[in-house]
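Colleague: For reference, the structure I am asking about is given below.
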Amino acid sequence: MGFYDSTFFMNTRRSPILPKDSLTQSVALIALLLLGAVGIAGPSGLLAWGENARVLEQRQVEIAQLTAERDRVKNRVELLDPRHADPDLVGELLHSNLNFAHPDEVVIPVKP
């Protein structure tokens, strides 16, 4: 009897897989594959990270622009406060919006 005797291999054979076990393993494999696909191509998966980074950069630029616009408008509101309005800004607005001019000013019309 040698090492490669046939009785040695007969005792180490696996028992046949039952159909119930095969179905359970198939369902588990499909569930794992679906989870992997969602992890790669889902809305927060690996493929979406590049898109999310690009959108984040765009939003940061937009926030910076809106912050600058807000600061500009806030400054203008402070300059137009009725308690202590800026005389230069008030005069500019009177000239541009109401066509107001002092008697000693000369108006020169310019064609657009």
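What follows draws every value from the coordinates through simple rules; no lab data is involved. Everything quoted here is computed from the prediction, not taken from an experiment. Cβ atoms come from the backbone with ideal geometry, glycine included; neighbour counts cover every protein chain shown.
Colleague: Sorted from largest to smallest, which semi-axis lengths in Å does the alpha carbon gyration tensor of segment 22-98 give for its equivalent ellipsoid, taking the root of 5 times each eigenvalue?
Modeller: The equivalent ellipsoid of segment 22-98 has semi-axes of 61, 11, 9 Å.
Colleague: Please arrange 104, 88 by how many other C-beta atoms lie within 10 Å of their C-beta, fewest to most.
Modeller: Ordered by Cβ neighbours within 10 Å, fewest first: 104, 88.
Colleague: Full-extension gain between residue 104 and residue 66, please, as 0.36 nm times their residue separation minus the C-alpha to C-alpha distance. Mind dumping the intermediate values first?
Modeller: Numbers: separation 38, 0.36 × 38 = 13.68 nm, distance 4.12 nm.
Here the segment from residue 104 to residue 66 would lengthen by 9.6 nm.
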